[in-house]
Amino acid sequence: MNRCKDYACFIVWFAGLSYMALWPLTAHGNGGVGLGADWKLPPTLHALGLMASFFVLARIAAIAFARFRRRRAAQPAPTVAADLLETRLNARRWKAPSAQSVKPRAQFGLRGTEH
């Protein structure tokens with residue numbers, strides 16, 4: 001069922017974007033740029049294209065809003081108590097001792113030794 005939903009969403013998305021791209025060519029009337037009588041669409045196709053384009057715009061707005069909320073939720077709000085706690089934890093934090101340096105080897109394996 002998810003595949004059918006994905007196919008339907010793709011079809012509506014494609015139809016909406018196509019209608020947005022072709023709308024200036026098919027528009028007629030006082031405000032339209034239409035190219036003539038051959039390019040005019042019936043009102044039913046205009047209605048379907050308009051609904052599909054509204055779906056595309058609503059989907060883009062929903063995606064942008066979700067990204068905004070996700071980004072906003074990822075950034076915790078700074079508070080005085082959290083800053084104070086962090087500074088106290090950093091002050092009490094145990095520090096690992098530094099590693100002691102080791103003299104580099106002059107020979108590797110059994111070279112220079114007798115068997």
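The values are calculated or read from the model by the stated rules, or taken from the named source; none is laboratory data. In this text the structure is predicted, and so the values were computed from the model without any measurement. Methodologically, a virtual Cβ is constructed for each residue, glycine included, from the backbone with ideal geometry; neighbour enumeration extends over all protein chains shown.
Worth pointing out:
- Of all residues in segment 1-29, those that are within 18 Å of P43 (Cα to Cα) have Cβ atoms under 7 Å from Cβ atoms of residues that are of a type in the set (F, W, Y) and modelled with pLDDT under 85, 6 or more apart or on another chain, in L25/W39; T26/W39.
- Pairing residues of segment 31-58 that are within 13 Å of M20 (Cα to Cα) and among the small types (G, A, S) with residues that are at pLDDT 85 or above and assigned to a helix (DSSP H, G or I), at Cβ distances under 6 Å and at least 6 apart in sequence or on separate chains, gives G49/Y19; A52/V12; A52/A15; A52/G16; A52/Y19; S53/G16; S53/Y19; S53/M20.
- Take the conditions (1) modelled with pLDDT of 70 or more; (2) on the phi > 0 side of the Ramachandran plot; V12 misses just one of them, which is (2).
- Number of positions in segment 20-63 that are modelled with pLDDT of 85 or more and hydrophobic (A, V, I, L, M, F, W, C): 16
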